[in-house]
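What follows is a short report on a single structure.
The values are calculated or read from the model by the stated rules, or taken from the named source; none is laboratory data. These numbers come from a predicted model, not from an experiment. With ideal geometry, Cβ positions are generated from the backbone for all residues, glycine too; neighbour counts draw on all protein chains shown. Accessible surface areas use protein heavy atoms only, side chains included; no ligands, DNA or RNA. Shrake-Rupley method; radii C 1.70, N 1.55, O 1.52, S 1.80 Å.
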Amino acid sequence: RQPKESDLLPLYKHAVDGIIILGSYGDLSWTDAFKDLPIARVGHGTHPNLKLSIGVDERDAMRKIFHYIKKDLKKSTVAFAGRGLPAHKNRLRFASEMAKSMGFDMRILEPSNMDKDFESGSEIARNLLNSGKKLPEVIVCATDMIAMGIVKKFCENDVRIPEDVAIIGFDDIPEASNYNPSITSFRQPIKAYAKACFDAVTDDTPVPSSEKILEGDLLIRKSTL
């Protein structure tokens, strides 16, 4: 997430008129070199050099997910799987908040130290299977790739999805709908992000730095049906 000087050379070379950053939080001190340019970010976290920061309403996302678990799936034991990244911690915070408000005793699974989400999901599932503890009825994952890693490891160990454990991902990446089973996931409004960011960097009107959050949608697929 922290660009090297060599990463920034093309921005100097081609004299860009604006910059769009992908990713939440992180050190944005490198943007000091581009203070005269409009900069927008898809993700959470404000910074004086950002004209716009736009991301999904994480609280609303977790409210919709836990409402689905309670009202539609009618499950009571839930766990959360993620890594120690700031974005994952943010989702865990709102998941914990919603679980408490809806009467769930949510179990937080040990975060993985693996570098990739898929491998992290596989490790989380392996540790859960080796723990000897009863499996939760539902696992809410910080990303789709973590969900897919958990599904793969469970299926290798004859844990049925969703009969034994229902799995919910986050982001609705293209692979989620093509996985087997397809992953129930929370979709972010990507097209709305893109429009807002391009509007911000192509509008020459000087405006104060702003942060916007948009609502997304929970897409139900076979990993919970």
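Selection of first residues in region 19-41 that are of a type in the set (D, E, K, R) and of second residues that are open to solvent by 60 Å² or more (accessible area, probe 1.4 Å) and in a loop (DSSP other than H, G, I, E, B), restricted to Cβ pairs under 7 Å at least 6 apart or on distinct chains, gives the following pairs, ordered by first then second residue: D27/Q2.
If the condition is being loosely packed, with under 13 Cβ neighbours inside 10 Å and either among the aliphatic types (A, V, I, L, M) or at pLDDT 95 or above (or both), then region 205-214 contributes only V207. Scanning region 34-54 for residues that are out of contact with any Cys (no Cβ under 9 Å at 6 or more places or on another chain) and not in a loop (DSSP other than H, G, I, E, B), we see that the one that is surrounded by the fewest Cβ atoms within 10 Å (Cβ to Cβ) is F34. Being within 18 Å of the chain's Cα centre (by Cα), modelled with pLDDT under 95 and either part of a helix (DSSP H, G or I) or within 30 Å of K195 (Cβ to Cβ) (or both) narrows it down to one of A87, A99, so name that one. After applying the criteria, what remains is A87. Just so you know, in region 166-201 the residues that are in contact with a strand residue (DSSP E or B) (Cβ under 6 Å, 6 or more places away or on another chain) and β-branched (V, I, T) include one that is modelled with the lowest pLDDT, and it is V201. Just wondering, is there one or more residues in region 104-121 that are on the phi > 0 side of the Ramachandran plot, modelled with pLDDT under 95 and not acidic (D, E)? The answer is no; no qualifying residue exists. Taken as a whole, the structure places V56 among residues that are under 25 Å from L219 (Cα atoms) and among the β-branched types (V, I, T).
In region 114-134, the qualifying residues are those that are open to solvent by 90 Å² or more (accessible area, probe 1.4 Å) and either more than 22 Å from I173 (Cα to Cα) or free of Cβ contacts under 8 Å to residues at least 12 places away in the same chain (or both), and the one that is nearest to the chain's Cα centre (by Cα) is D115.
Among the residues of region 55-91, those that are surrounded by 16 or more Cβ atoms within 10 Å (Cβ to Cβ), within 20 Å of G43 (Cβ to Cβ) and small (G, A, S) comprise G55, A61, G82, A87.
Sub-7 Å Cβ pairs linking a first residue in region 200-225 that is farther than 30 Å from N178 by Cα and of a type in the set (D, E, K, R) to a second residue that is in a loop (DSSP other than H, G, I, E, B) and open to solvent by 80 Å² or more (accessible area, probe 1.4 Å), at least 6 apart or interchain, are E211/T46, ordered by first then second residue.
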